[in-house]
Amino acid sequence: MEAAERQERREHRNALRKELGLDGLLEQIQKNTEAIKSLTDSIQREYQRIY
């Protein structure tokens, strides 16, 4: 019974994510996070090179 309830909640959650467009938003956030990390690393390397 518990497994069926979990499955139902998972399906409901996935339907809401799709309806609200959250999958695309999450993907964009992940891409932006990676870009920020890359930029931060570049800045740190440049700072170390200068100082």
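The values are calculated or read from the model by the stated rules, or taken from the named source; none is laboratory data. Remember, predicted model here, so these are calculated numbers, not experimental data. As a convention, Cβ positions derive from the backbone with ideal geometry for all residues, glycine included, and neighbour counts pool all protein chains shown. Only protein heavy atoms, including side chains, enter the accessible area calculation; ligands, DNA and RNA are left aside. Shrake-Rupley method; radii C 1.70, N 1.55, O 1.52, S 1.80 Å.
Between helix 22-50 and the chain, what is the angle of the helix's C-alpha long axis to the longest principal axis, kept within 0 to 90° and rounded to the nearest 10?
Between the helix axis and the principal axis of the chain, the angle is about 20 degrees.
Of GLN44, LEU16, ILE29, which is farthest towards the positive pole of the chain's charge dipole, taken about the Cα centre with +1 and -1 on the beta-carbons of Lys, Arg and Asp, Glu respectively?
It is GLN44.
For the chain, which whole percent of the accessible surface, found with a 1.4 angstrom probe, sits on carbon and sulfur atoms? The partial results should precede the final answer.
Details: 2720 of 5030 Å².
The computed percentage sits at 54.
What value, in deg cm²/dmol to 500, does the helix sum -39500 (n - 2.57) over DSSP H runs of n ≥ 4 give at 222 nm once divided by the residues of the chain? Mind dumping the intermediate values first?
Values: 2 runs with 48 residues, N = 51.
Per the formula, -33000 deg cm²/dmol.
For the chain, what does the accessible surface come to per residue with a 1.4 Å probe? Please give it in Å². It would help to have the intermediate numbers written out before the result.
Working: 5030 Å² over 51 residues.
Counting only protein heavy atoms, the per-residue value for the chain is 99 Å².
With Cα Rg over 2.2 N^0.38 Å as the read-out, I listed (i) 2.25; (ii) 1.08; (iii) 2.01; which label goes with the value calculated from this structure?
Recomputing Cα Rg over 2.2 N^0.38 Å here picks out (iii).
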